Amino acid sequence: METAGKVITCRAAIAWASNAPLSIEEVQVDPPKAGEVRIKVLSSGICGTDNHTQDGTLPVPLPAILGHEGAGIVESIGEGVSSVKPGDKVILTILPQCRECDSCLHAKGNFCLKEDILSPVGLMLDGTTRFTCRGRKVHNNFGASTFTEYTVMHEISVVKIDDAAPLEKVCIIACGFPTGYGAAVNVAQVTPGSTCVVFGLGGVGSAVVLGCRAAGAARIIGIDINEGKFARAKALGVTDCLNPRNFKKPIQEVVVEMTGFGADFTFEAIGTIETTVAALESCNLSYGVCVVIGLSPAKSQLSFDPMKLLSGRILKGCSLGEYKTRDQIPLLVEDYMKKKIDVDPLITHRLPFVKINEGFELLRSGKCIRCVLLF
Amino acid sequence: MLFMPMSPVFKGTSISTNVVIKCTAAVLWGLKQPLSIEEVEVAPPKAYEVRIKILATGICRTDDHVISGAMTTKFPVIVGHEASGIVESIGEGVTTVKPGDKVIPLFLPQCGKCSSCIHPNGNLCVKADLTGKGVLSDGTTRFTCKGQPVYHFLKTSSFTEYTVVEEISVAKIDAAAPLEKVCLIGCGFSTGYGAAVKTAKVTPGSTCAVFGLGGVGLSVIMGCKSAGASRIIGIDLNKNKFDKAKSVGATECINPKDYTKPINEVLSEMTDNSVGYTFEVVGRLETMVDALASCHLSYGTSVVVGAPPSSKMLTYDPMLLFTGRTWKGCCFGGWKGRDDIPKLVSDFMAKKFDLDQLITHVLPFNKINEGFDLLRKGESIRTVLLM
């Protein structure tokens, strides 16, 4: 492409300060250095985590270009890049897969140690950024940055996918879908005939429901304080919907009574302390599995009764559904293309990129499952 | 002491005796009191119950929790739950054991019908008495002392020459098993060993860290070794426990007090960040979080084995789990009593593990309070009382 090796000027949504609308501005995007890839972003979902970073509950270095659930086409590659080439369709993810660290080398681990999530720096691994706006350096976000027409990422975070994949759909296979679906099929390993409970019926919660259904769960109880989400949840496979505010008892007691002895598998896809404890206490005391997906506010501490664990429960956390990104996300895309999985019901809204703030509003109001921005 | 001699076995018929047995038991009359050696009356077994002549019983920390008040019970009570003995008589309807059989009583029964028993991974049978009700399923006790009813403990009660338990709380074991050793399979050994092989499912070649080197911690180490772990790090504030830990399989031992860094950083550095499994075998809230933080952030599993102080909450940073860790707990090592305890006894007979290292003291039953002193002073691993 003629832009290779040159700085690209394009539009991006900048978070200048926390808890303020994103600002569509002109940015300069440097060419990729060694091991890096510059991508023309064609679609990006807005994830709950983007909301947390934007409103400051999950602080990241600012100013920054947020967004981490994207799909696009490789525009140019830096020296030494071998897994993708210009023109390739790619998915852009929050979790790299360097294939060298001990998480990557382990059969099950997926939390690559080259992540920039736990203590985010917002820079490339060499400590510099590729984005400039109004003469100021702008941080990237979690090694991705997809709220921009062009982004630069490390090769290890760029996932090559099928040339025929519809980019306006598969962007959610970059985060929301695998995070929820994987929580059910990889992490919990839901069994046929089981009873599952999903706390939170947003994008990730909905993907959990799809995973439980795919795994053959007989009963899927969906819990949300927003009853506007119930109709869609039932269409996806939820068998019973509960609004905790309709009960005087704590919701975990309601669940245990409904199921007789607690659920086989419970999932927390919201990110609050209270619902995490409720999810733990809703699964059977001896053999129940509780998977916590939702990210709690930064520096929060969670307290629970340790006897809940000692009786035999399993409490697991996970990131991106335990999928090793570069190895396994392409397989999910293939499954989608072969119609073995269907992510379409999760995409309830589409907006042009410039309406990104409207997209955030839809997310916050609970009116959408996933809103995808198109470039 | 008045007792009925061993009855002959009649296949297919239950032998009911209406004879009350008078025997010796250690009765706990109230909180924080020494156990009192008394004459008690032990009623015959009712339907689906078994009366057992206890021959050996270990002293477990959980028994001491009852004395100290950390664990609730009604008084007076006969504690003890880690034992082995011989069936003396059976109540109507009992089919799985007969008089003369060697048995281990189970503080976690296995009714076979409840959701825990049916599930492949569950073992917390609904029939367990973990809240200190102190009676058998019909709501009554089988013990009296000085005219008063005496409560059961965990539906076992082994600090007595004769006890009555429910059939679902009895594991029939190998007729050749040495009862003075295998009593530990009734609790301490199985709890630790199971935490490693059944709950954590330690994999060959992995690195394990065990926090707490008492009897159960040593059993965890034995389990890790059995599962093929290549490195087993024992952790304790008391370095006197290190030699024994190494003799049962720890590859190295460390004392957190010797370091200024947090223990999870020490372990990460020592192992080049490869700790796959950690075990908390102390029962301390802060150690539970340390153990969680010490296992690998992405693929690590941490198992809580030590019983925590009641009604205190465990506080942790949720990011510890977000990266992929698994946190588990288990009761009795995850074993289903009637299915698995006989197999563990057979494994012992096949010399797959050695219990001798755990038995540091053997005392006659009437010196039971001495046994508790040894436990409280940290001088014993396991004291076995012989009846």
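The values are calculated or read from the model by the stated rules, or taken from the named source; none is laboratory data. Model, not experiment: these values are computed from the prediction. As a convention, Cβ positions derive from the backbone with ideal geometry for all residues, glycine included, and neighbour counts pool all protein chains shown. When the accessible area is computed, the model is the full protein with side chains, heavy atoms only, and any ligands, DNA or RNA have been set aside. Shrake-Rupley method; radii C 1.70, N 1.55, O 1.52, S 1.80 Å.
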Fraction of antiparallel bridges per DSSP, chain A only, in percent to nearest 5: 60
Rounded to the nearest 10 Å², the accessible area of B:His361 at probe 1.4 Å: 50
Of all DSSP beta bridges in the protein assembly as shown, antiparallel share, percent nearest 5: 60
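Longer than 32 Å from Cα to Cα, which of B:Lys155/B:Lys246; A:Lys324/B:Lys225; A:Lys85/A:Lys229; A:Lys40/A:Lys340; A:Lys6/A:Lys169; A:Lys160/B:Lys261 are they? Say none if no pair is.
Values: B:Lys155/B:Lys246 36 Å; A:Lys324/B:Lys225 30 Å; A:Lys85/A:Lys229 41 Å; A:Lys40/A:Lys340 28 Å; A:Lys6/A:Lys169 30 Å; A:Lys160/B:Lys261 42 Å.
As for pairs spanning more than 32 Å Cα to Cα, those are B:Lys155/B:Lys246; A:Lys85/A:Lys229; A:Lys160/B:Lys261.
Under 8 Å for C-alpha pairs, at least 6 residues apart: give me the relative contact order for chain A, rounded to a whole percent. Don't skip to the answer; put the middle values down first.
Working: 951 pairs, mean separation 66.0, N = 375.
Dividing the mean separation by the residue count of chain A yields 18 percent.
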Note, ³J(HN,Hα) from phi for region B:217-230, Karplus 6.51, -1.76, 1.60, rounded to Hz, x at Gly and Pro: x, 5, 5, 4, 4, 4, x, 4, 5, 4, 7, x, 4, 8
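Of the cross-linked pairs B:Lys127/B:Lys367; A:Lys114/B:Lys257; B:Lys133/B:Lys181; B:Lys46/B:Lys336; B:Lys181/B:Lys201, which ones have a Cα-Cα span greater than 27 Å in the structure shown?
Working: B:Lys127/B:Lys367 32 Å; A:Lys114/B:Lys257 32 Å; B:Lys133/B:Lys181 30 Å; B:Lys46/B:Lys336 24 Å; B:Lys181/B:Lys201 25 Å.
Violating the 27 Å Cα-Cα cut-off are B:Lys127/B:Lys367; A:Lys114/B:Lys257; B:Lys133/B:Lys181.
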Normalised contact order of region B:245-387, rounded percent, pairs of Cα under 8 Å and 6 or more residues apart: 15
Solvent accessible area, Å² - B:Ser311, 1.4 Å probe, full protein context: 110
Relative intensity, log₁₀ I(q)/I(0), of the protein assembly as shown from a Debye sum that treats every alpha carbon as a point, q = 0.09 Å⁻¹: -0.84
For B:Leu363, distant residues with modelled amide H under 5 Å away: B:Val384, B:Leu385, B:Leu386
Of the trypsin sites (Lys or Arg not before Pro) in region A:295-330, those whose Cβ has at most 12 other Cβ within 10 Å and which sit in DSSP loop: A:Lys299
Nearest-0.05 FRET efficiency for B:Lys312 and A:Lys355, computed from C-beta distance (R0 56 Å): 0.65
Test item: Cα-centred dipole of the protein assembly as shown, Lys/Arg +1 and Asp/Glu -1 on Cβ, debye: 820
Hits among aspartates and glutamates - C-alpha to C-alpha of A:Lys249 under 15 Å, sequence gap 8 or more where chains match: A:Glu257, A:Glu274, A:Glu281
Accessible-area ranking of A:Val138, B:Val216, largest first, probe 1.4 Å: B:Val216, A:Val138
Among A:Leu105, A:Leu66, A:Leu123, residue whose mean-square fluctuation peaks in a GNM of chain A (springs only between Cα atoms under 10 Å): A:Leu105
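Would you calculate the volume per residue, in Å³, of the smallest convex hull containing every Cα atom of chain B?
On the way: hull volume 51.0 nm³, N = 387.
Considering the Cα atoms of chain B, their hull volume per residue is 132 Å³.
At a Förster radius of 30 Å, what calculated FRET efficiency corresponds to the Cβ-Cβ distance of B:Met349 and B:Thr203, to the nearest 0.05? Mind showing how you got there, number by number?
On the way: r = 26 Å, r/R0 = 0.88.
Working from the Cβ atoms, E equals 0.70.
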Trypsin sites (Lys or Arg not before Pro) restricted to DSSP loop in region B:331-387 with at most 15 other C-beta within 10 Å: B:Lys351, B:Lys352, B:Lys377
Amide H within-cut-off set for A:Gly288, under 5 Å, with H built and near neighbours excluded: A:Ile314
Delta accessible area of at least 30 Å² on complex formation, residues of region B:290-319, 1.4 Å probe, chain isolated as reference: B:Leu297, B:Ser298, B:Tyr299, B:Pro308, B:Met313, B:Leu314, B:Thr315, B:Tyr316, B:Pro318, B:Met319
Region A:1-59, accessible area per residue, ligands and nucleic acids excluded (1.4 Å, Å²): 41
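Using alpha-carbon pairs under 8 Å, 6+ residues apart, how would you state the relative contact order of region A:195-319 in percent?
Numbers: 243 pairs, mean separation 28.5, N = 125.
Once divided by the residue count of region A:195-319, the mean separation gives 23 percent.
Using just the helices of the protein assembly as shown, give the 222 nm mean residue ellipticity in deg cm²/dmol: DSSP H runs with n ≥ 4 each add -39,500 (n - 2.57), and the total is spread over all residues, rounded to 500.
Values: 22 runs with 173 residues, N = 762.
Computed mean residue ellipticity for the protein assembly as shown: -6000 deg cm²/dmol.
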Low-density loop cleavage sites - trypsin sites (Lys or Arg not before Pro) in region B:286-330, where at most 15 other Cβ are within 10 Å (DSSP): B:Lys312
Amide H contacts under 5 Å for A:Arg350, placed H, 5+ residues apart: A:Val372
